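*Asks:* I have a structure I would like to understand better, so I am pasting it below and will then ask my questions one at a time.
The values are calculated or read from the model by the stated rules, or taken from the named source; none is laboratory data. Every value quoted in this text rests on a predicted model; they were computed, and no experiment measured them. FYI the Cβ positions are ideal-geometry reconstructions off the backbone, even for glycines, and counts take in every protein chain you see.
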């Protein structure tokens with residue numbers, strides 16, 4: 001049977017927290033006490049584990065991450081980036097998806113009690129619960145949320161890249177636009193994308209709600225919109241999955257993209273590059289978003305810094321065939 005940190009503490013006649021401090025070289029431990037601990041370690045042939053030391057310090061050696069949904073390539077990429085870094089740092093990850101859960105508040109609070117820190121995605125946690133978590137002093141990182149005191153926030157840039165996209169579409173001569181996947185939560189990514197697009201296009205763009213940011217929801221919303229009497233000339237979609245659904249709807253209605261209808265997305269998932277036609281989109285560093293969140297949370301847990309920080313990652317307009325050739329390349 002493996003020797004535990006509790007047995008070392010009993011042999012040395014000290015607490016498990018003292019054993020942890022002696023082995024890690026942290027905190028006040030007298031030379032005499034450290035000698036007793038090391039002697040017990042040698043006699044028992046104890047090999048300290050990260051989990052055992054974390055328990056001794058009242059820590060769990062685990063991070064929690066809360067997603068609204070785990071389906072789709074966007075969340076997958078963010079999670080892959082997060083887990084890669086968490087693994088490098090020697091921390092396990094407990095994942096909570098709130099979709100379909102009857103009591104999101106209690107699920108998040110229960111998870112918070114089992115981990116050393118939390119990463120929370122967007123507006124998954126209601127504002128009053130966010131304030132409650134911040135008040136506890138727990139290390140917190142929020143992805144795709146407005147800056148706040150007492151927690152780190154991290155997001156990709158949205159407003160200026162949405163402006164660039166809208167200006168590019170104007171350059172093609174399009175005059176009627178729809179923004180598919182209208183914002184539901186103030187300050188979230190979709191809301192910022194709408195802010196940038198509407199600032200440029202003003203009354204020429206119509207917001208159109210989708211049930212979710214998925215291929216199916218994009219297809220259903222686009223099918224209904226494109227069957228209307230006044231069809232938009234360009235669909236600006238809130239993400240690539242919604243855009244892929246819009247491409248399917250256009251194909252079903254016999255509309256050629258981009259000749260009859262321009263379609264754009266956001267994220268630059270792999271399917272966007274291989275769509276027919278390939279999708280004009282905004283590329284955001286999804287995996288890097290997860291990686292930075294994991295590093296930021298580890299800094300807060302480890303006490304590397306005590307002040308909160310806000311990071312905004314750069315995005316890039318990627319022009320492909322779904323909105324037509326670049327205006328400068330159009331034949332005269």
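*Asks:* Of the numbered conditions (1) surrounded by fewer than 17 Cβ atoms within 10 Å (Cβ to Cβ); (2) more than 23 Å from residue 249 (Cα to Cα); (3) in contact with a strand residue (DSSP E or B) (Cβ under 6 Å, 6 or more places away or on another chain), residue 206 fails exactly one; give the number of that condition.
*Replies:* (2)
*Asks:* Can you confirm whether the range 302-315 contains a residue that is assigned to a helix (DSSP H, G or I), farther than 25 Å from residue 157 by Cα and not assigned by TED's automatic domain parsing to the domain that holds residue 220?
*Replies:* Within the range 302-315, one or more residues are assigned to a helix (DSSP H, G or I), farther than 25 Å from residue 157 by Cα and not assigned by TED's automatic domain parsing to the domain that holds residue 220.
*Asks:* Check off (1) in contact with a helix residue (DSSP H, G or I) (Cβ under 6 Å, 6 or more places away or on another chain); (2) under 15 Å from residue 187 (Cα atoms); (3) outside any helix (DSSP H, G or I) for residue 141 and give me the number that stays unchecked.
*Replies:* That leaves (2) as the condition not met.
*Asks:* Taking interchain pairs and intrachain pairs at least six residues apart, which have beta carbon atoms under 9 angstrom, with the first residue in the range 96-123 and under 19 Å from residue 187 (Cβ atoms) and the second surrounded by fewer than 12 Cβ atoms within 10 Å (Cβ to Cβ)?
*Replies:* Pairs that qualify, where the first residue is under 19 Å from residue 187 (Cβ atoms) and the partner is surrounded by fewer than 12 Cβ atoms within 10 Å (Cβ to Cβ), are 123/186.
*Asks:* Has the range 269-277 got any residue that is closer than 20 Å to residue 193 by Cα and part of a helix (DSSP H, G or I)?
*Replies:* Among the residues of the range 269-277, at least one is closer than 20 Å to residue 193 by Cα and part of a helix (DSSP H, G or I), which makes the answer yes.
*Asks:* Just to check your reading of the model, which residue among 234, 250 is touching a helix residue (DSSP H, G or I) at 6+ places or on another chain (Cβ under 6 Å) and over 24 Å from residue 67 (Cβ atoms)?
*Replies:* 234
*Asks:* Being closer than 22 Å to residue 184 by Cβ, at pLDDT 95 or above, in a helix (DSSP H, G or I) and touching a strand residue (DSSP E or B) at 6+ places or on another chain (Cβ under 7 Å) narrows it down to one residue among 165, 154; which is it?
*Replies:* Of the residues listed, the single one that is closer than 22 Å to residue 184 by Cβ, at pLDDT 95 or above, in a helix (DSSP H, G or I) and touching a strand residue (DSSP E or B) at 6+ places or on another chain (Cβ under 7 Å) is 165.
*Asks:* Take the range 103-130 and flag every residue that is surrounded by fewer than 14 Cβ atoms within 10 Å (Cβ to Cβ) and either over 19 Å from the mean Cα position of the chain (by Cα) or within 18 Å of residue 63 (Cβ to Cβ) (or both).
*Replies:* The answer is 103, 106, 110, 113, 114, 128.
*Asks:* Being outside the structural domain of residue 260 (by TED's automatic domain parsing) and either modelled with pLDDT of 95 or more or over 26 Å from residue 317 (Cβ atoms) (or both): is that true of residue 144 here?
*Replies:* no
*Asks:* Going through the range 26-61 one residue at a time, which ones are in contact with a strand residue (DSSP E or B) (Cβ under 7 Å, 6 or more places away or on another chain) and at pLDDT 85 or above?
*Replies:* Taking the range 26-61 and keeping what is in contact with a strand residue (DSSP E or B) (Cβ under 7 Å, 6 or more places away or on another chain), we get 61.
Hits for the range 26-61: nothing passes.
*Asks:* Return the residues of the range 90-102 that are surrounded by 16 or more Cβ atoms within 10 Å (Cβ to Cβ) and in contact with a helix residue (DSSP H, G or I) (Cβ under 6 Å, 6 or more places away or on another chain); say none if nothing qualifies.
*Replies:* Selection gives 93, 96, 98.
*Asks:* So residue 128 clears everything in (1) touching a helix residue (DSSP H, G or I) at 6+ places or on another chain (Cβ under 8 Å); (2) without any contact (Cβ under 8 Å) to a residue 12 or more places away in the chain; (3) not in a loop (DSSP other than H, G, I, E, B) except one condition, right? Which one?
*Replies:* It fails just one condition, (1).
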